[in-house]
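Trainee: For reference, the structure I am asking about is given below.
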Amino acid sequence: VIHRVLAIHYTYIQKHGDKMPLVALQDAFRDDWNSEMDKPIPIRFNKQDDGQTVDQGVSMLQVFHEQSDVPVVKGVEVPFAIPLADPETGIELDMLLVGAFDLVTGGDKVCLWDHKTSARKPTKDQLGDHQMTIYRHAAEMMGFGTPELRLQYLIKTKVPQHLVIDIQRSKQNIREALETIIMITKAVDAGAFFRIRGWQCHDCAHAYVCNGGSS
Ligand code: SF4
């Protein structure tokens with residue numbers, strides 16, 4: 001929900017050149033939340049009930065509104081679909097790398113943003129995943145030049161925090177990411193499957209496969 005509301009906020013900035021009023025931003029959050037609650041899909045709450053979750057989202061947006069800047073917005077939720085090529089041979093595979101930039105802003109350079117919500121501040125390791133690497137690669141393939149990369153965190157602490165982190169990615173990072181994607185697709189084609197146990201198993205829809213038939 002927070003992601004969709006930030007998209008509404010930055011679309012407003014793109015149109016009006018200024019922040020959306022805080023009350024309108026928080027109302028957009030409540031409306032989107034209520035429409036999620038009306039769907040026939042059960043929501044599993046973690047330590048908080050419905051009202052507490054809404055209150056937290058509203059106060060996160062207040063902190064965001066107070067602390068975030070007004071960038072020059074070039075695009076919101078900008079999709080990309082680029083050919084996937086083997087970095088070793090340059091040969092294109094019959095496959096596209098598909099995704100969307102949460103936010104594209106202008107300045108001296110194009111800047112690609114990704115919005116995150118998190119229970120705590122990210123560790124250095126969490127900032128090293130392939131997502132922003134693929135962002136850089138996609139931008140270069142789309143003719144944006146080498147972009148700046150930025151993560152914007154809204155952290156769900158008792159007093160919410162807003163954090164903006166600039167990220168660096170190298171050509172070597174791109175090579176490694178592409179090699180990893182290609183290796184994974186080969187493994188999938190070959191029917192290889194390794195359990196990677198972790199927090200993500202808790203809500204995994206495929207857990208019955210790993211757990212011998214029981215979820
Ligand atoms: S339960 Fe899901 S997340 Fe966990 S190892 Fe199996 S497939 Fe992966």
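The values are calculated or read from the model by the stated rules, or taken from the named source; none is laboratory data. The shown structure was predicted, so the numbers you read here are calculated from the model rather than taken from an experiment. Note that each Cβ is placed from the backbone with ideal geometry, even for glycine, and that neighbours are counted across all protein chains shown.
Trainee: Kindly indicate the residue of region 199-215 that is surrounded by fewer than 10 Cβ atoms within 10 Å (Cβ to Cβ), within 22 Å of Ile184 (Cβ to Cβ) and more than 6 Å from the ligand (Cβ to nearest atom) and also modelled with the lowest pLDDT among those meeting that condition.
Mentor: Top of the filtered list is Asp203.
Trainee: Okay, moving on. Being hydrophobic (A, V, I, L, M, F, W, C) and touching a helix residue (DSSP H, G or I) at 6+ places or on another chain (Cβ under 7 Å): is that true of Phe29 here?
Mentor: yes
Trainee: Considering only region 25-52, state which residues are in contact (Cβ under 8 Å) with a residue 12 or more places away in the chain and assigned to a helix (DSSP H, G or I).
Mentor: The answer is Leu25, Gln26, Ala28, Phe29, Arg30, Asp32, Trp33, Glu36, Met37, Asp50.
Trainee: Being out of contact with any Phe, Trp or Tyr (no Cβ under 9 Å at 6 or more places or on another chain), within 24 Å of Val5 (Cα to Cα) and surrounded by fewer than 18 Cβ atoms within 10 Å (Cβ to Cβ) is the filter here, so list the residues in region 90-113 that pass it.
Mentor: Passing the criteria: Gly106, Gly107.
Trainee: Now for a different question. Quick one: in region 168-198, which of the residues that are of a type outside the set (Gly, Ala, Ser) and near the ligand (Cβ under 9 Å from one of its atoms) is nearest to His130 (Cα to Cα)?
Mentor: This residue is Ile196.
Trainee: Moving on. Can we say Thr117 is in contact with a Lys or Arg (Cβ under 8 Å, 6 or more places away or on another chain), at pLDDT below 95 and in a strand (DSSP E or B)?
Mentor: yes
Trainee: Checking the structure you have, find out if any residue of region 111-127 is more than 30 Å from Thr53 (Cα to Cα), touching a residue at least 24 places away in the same chain (Cβ under 8 Å) and either of a type in the set (A, V, I, L, M, F, W, C) or out of contact with any helix residue (DSSP H, G or I) (no Cβ under 9 Å at 6 or more places or on another chain) (or both).
Mentor: Filtering region 111-127 for residues more than 30 Å from Thr53 (Cα to Cα) gives 111.
Still in the list and also touching a residue at least 24 places away in the same chain (Cβ under 8 Å): 111.
Narrowing the set further to residues that are either of a type in the set (A, V, I, L, M, F, W, C) or out of contact with any helix residue (DSSP H, G or I) (no Cβ under 9 Å at 6 or more places or on another chain) (or both) leaves 111.
Within region 111-127, one or more residues are more than 30 Å from Thr53 (Cα to Cα), touching a residue at least 24 places away in the same chain (Cβ under 8 Å) and either of a type in the set (A, V, I, L, M, F, W, C) or out of contact with any helix residue (DSSP H, G or I) (no Cβ under 9 Å at 6 or more places or on another chain) (or both).
Trainee: Give region 84-114 a look and list any residue that's part of a strand (DSSP E or B) and among the acidic types (Asp, Glu), or say none.
Mentor: Glu92, Asp94, Asp102, Asp114
Trainee: What are the pairs with Cβ atoms under 6 angstrom where one residue, in region 195-215, is of a type in the set (Ser, Thr, Tyr) and the other, located anywhere, is within 6 Å of the ligand (Cβ to nearest atom) and outside any loop (DSSP other than H, G, I, E, B)? Sequence gap at least six, or different chains.
Mentor: Qualifying pairs under 6 Å: Ser215/Ala207.
Trainee: On the basis of being in contact (Cβ under 8 Å) with a residue 40 or more places away in the chain and not small (Gly, Ala, Ser), does His16 make the cut?
Mentor: no
Trainee: Return the only residue of Val188, Val164 being in a helix (DSSP H, G or I) and either under 22 Å from Ala81 (Cβ atoms) or under 15 Å from the mean Cα position of the chain (by Cα) (or both). Lay out the reasoning, then the answer.
Mentor: On the way: Val164 fails: in a helix (DSSP H, G or I).
Matching residue, one of Val188, Val164: Val188.
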